[in-house]
1. Rounded to two decimals, what is Rg over Rh for the protein assembly as shown when you use alpha-carbon atoms and the Kirkwood radius?
2. Counting only Cα atoms, I'd like the Rg/Rh figure for segment B:135-174, Kirkwood definition for Rh.
3. Rounded, prolate or oblate, given the Cα gyration tensor of segment B:230-350, with a/c below 1.5 counting as rounded?
4. Extension gain C:LYS178-C:HIS17, at 0.36 nm per residue separation less the Cα-Cα distance, in nm?
5. What whole number of Å gives the distance from the Cα centroid of segment A:106-175 to the Cα centroid of segment B:63-106?
6. Run the dipole for chain B about the Cα centre, Lys and Arg Cβ at +1, Asp and Glu Cβ at -1, nothing else charged, and hand back the magnitude in debye, nearest 20.
7. Which ³J(HN,Hα) values, rounded to whole Hz and listed in residue order, are derived for segment B:269-280 from phi using the Karplus coefficients 6.51, -1.76 and 1.60 in 6.51 cos²θ - 1.76 cosθ + 1.60 with θ = phi - 60°, glycine and proline given as x?
8. Which links in B:LYS30/C:LYS90; A:LYS11/A:LYS123; A:LYS129/B:LYS353 stretch past 20 Å when you go from one Cα to the other?
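Taken together, the values in this text are just the output of simple stated rules run on the coordinates, not laboratory data. All values derive from a computational prediction rather than experimental measurement. Glycine gets a Cβ as well: all are built from the backbone with ideal geometry, and neighbour counts include every protein chain shown.
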Amino acid sequence: MITKEIFEKLKEKFGDDIIRLDESVKDPFVVVNPQKWLEIAKYLHDDPDLYFDFLMSIAGVDYPDENLIRVVYHLWSYKHRHMLVVKVELNRENPVVDSIDSIWANANWLERETYDLFGVVFKGSRNLKRLLMPEDWEGHPMRKDYEEPKEYHGISTERENPVYLFHLVKPPEEE
Amino acid sequence: MAEYAFYTPEGEMLTVNMGPHHPSTHGVIKFVIDVDSEIIHKITPEIGFLHRAIEKIAEKVTYPGFLPYTDRVDYLAAISANVTYAMAVEKLLELEIPKRAQYLRVIAIELNRIASHLIFVGAYSMDLGAFTPFLHAIREREKTNDLFEALCGQRLTHHYIRIGGVSHDLPPGWKDRALEWLDHFEKFIDEFNRLITFNHIFVKRMANVVVIPPEMAINHGLVGPNLRASGVKWDLRKEMPYLVYPELDFEVPVGTGMMGSVGDSFDRLWVRILEMRESAKIIRQALKQMPEGEIRAKTPRVIKPAPNEVYVRTEAPRGDMGFYLVSDGSPRPYRLKIRTGSFTAMTIFEHLKEPIMIQDLVALISSLDIIAPEIDR
Amino acid sequence: MSKVEKVDITKTTHIEHTADGVIMVTNLDLAVNWARKNSLWYLLFATACCGIELMQTGGPRADLDRFGVVFRNSPRQSDFIIVAGTITYKMAERVRRLYDQLADPKYVLSMGSCSNTGGLFQHSYSVLKGVDKIVPVDVYVAGCPPRPEALTHAILKLREKVGREPYFKNYVGTRFFKFMRWIKNDN
């Protein structure tokens, strides 16, 4: 099935919770209501005509201009050989979405990664902890407005450019 | 759970920390294991020790400037990541690449696949306690490195692929050299099989060890050889062909449970050994069929794709590799997400159905062919 | 560390044939260093891409064994550590701990751009900008990743350094001389 057919099928079942279909990009996507995402995901996984048994990736994308974080799910069905891209749009200040780790077993780690790097909270997750960064790291580094700390555990995070060490060239003035 | 003659449960759990510096964890990965005498009841992997923020760097460099970083996503199979990224950008730009460049890409990918699997079989045998096969595998890998060095000047992080094609055409004499090596290599596989694959002690260490059934493999997102070892015949080169794979004739090996049951550690080794043969076959065909012509399409001086988003998948040595690329009209990617086989393969550890022994954990880690930078990126 | 002059072993070594056998008189530092520099064992500490080149250097073609350089899995058995690959902040404290566990005298060889300065990953928020921020480094090898030949050269340089060191002054100190006196009095 192509994304448009899947969208119509979902629209029939869930009505207004399926917000829109965007076909303007190369891989069209469906935007759904984050409050109902768990239900929709369960349907996508279990319905014999859809049968998305493989969760390929979960990616967060930060849009500070729109004050949104979009979480993008890439699903694939080995049986029907079709792909679906699902997006949920979350408020940047308080991003919360349903966790789907009860459906796809690998979702937990992908969600933890998104939580770690973007600060998206996955409600009902089995185990939501930082995955890649140390436990005591501050901030969510993949956000667009993230600034690197000056030091971590007493280790400086900067290295002087050797070109400027001998005072032959002056470093560019900081803006 | 299986019966162990020498095992008397003590009923007390001991939490042991394995890694991040441990010779058999393949890079810096940490496993916290709860053991009762020699049986592991719970495994909690901890990753991030090699998180190099490649995805964030992508937002700071230009589209062609990011290519060298893709080498380092999976340094054992740099070309595969190169190609996947280049294909994603080409899809954004709607660029057609010349036929000869496609063939050159396929040759490079498959040669790289052999090199990657050679490290796998070498490291696997070393983890199971045999050192000699490792030296055999490394010896062969040196020869693939020589071929790559002649092709693009680098031994490990090749940066051979460019957006729109490849960087160099075949140097004079390369074809004969490659064919000569392939003749030798096919004999080497037989030798390796005699030495280690069907070695009785080795088979005992692998057969029936940590069987992953196909449903579990799919649900956990296992891909590539790990998925095929579980009996699922799925290879993106066949199922969703890209480049010139439809013109090439090759088989997709799947796990058959030759020494035990389908999806055990032996199958994961055997699938990869068969895959090396298939790759050799592909290189031969590609060298024969390759047409003359351009090796690089014309690309704009500054690559500035219109706002769009794509998801491109290819079959890397560690399975389905996906690049989710969002562009916003600037010369830098807006967001890049790399989906790798090793990352999802790691999720299997928390969900093993049966308690396993400590040495079986080592066999499982190696047989999944996980690699730290691909997990952490 | 004080500056050490190069000592020519042929000039300082005195060999005499006597009825009891051959007597050889030489500088003790030279004799010990000769033994030490021919069996430098390194800790297998590979984090990233450089680790593969490190494996290949230990492999059949580059063959580090011929210099007596072999890998060990435990820091307790190693003379020096090859930091091969990117070090992140999460890993940094572990590297320091590994270094502390090495037995004296210990050396550090920083392999590849990442561990020298952060290299390609300078702009990353999680990568340590040079391993010399946490441990003292003896030899740096440039390259991304360095070729096996480059690593072999670095190890030869390290051997040179080990061969020139006043071992007794730096690492054994007065303990050794006290011990010698004790042996003498005992007899």
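1. Values: Rg = 27.7 Å, Rh = 27.7 Å.
My calculation of the ratio gives 1.00.
2. Details: Rg = 11.5 Å, Rh = 11.0 Å.
Checking Rg against Rh, the ratio lands at 1.05.
3. On the way: a/c = 3.41, a/b = 1.41, b/c = 2.43.
Oblate, since a/c reaches 1.5 and b/c is not below a/b.
4. Working: separation 161, 0.36 × 161 = 57.96 nm, distance 3.07 nm.
My answer for the length gained is 54.9 nm.
5. Rounded to whole Å, the Cα centres lie 27 Å apart.
6. On the way: 44 positive and 49 negative charges, 282 e Å.
Around 1360 debye, computed over chain B.
7. Result, ordered by residue: 6, 5, 4, 6, 5, 5, 5, 4, 4, 4, 5, 4 Hz.
8. On the way: B:LYS30/C:LYS90 12 Å; A:LYS11/A:LYS123 24 Å; A:LYS129/B:LYS353 23 Å.
Long pairs (Cα-Cα over 20 Å): A:LYS11/A:LYS123; A:LYS129/B:LYS353.
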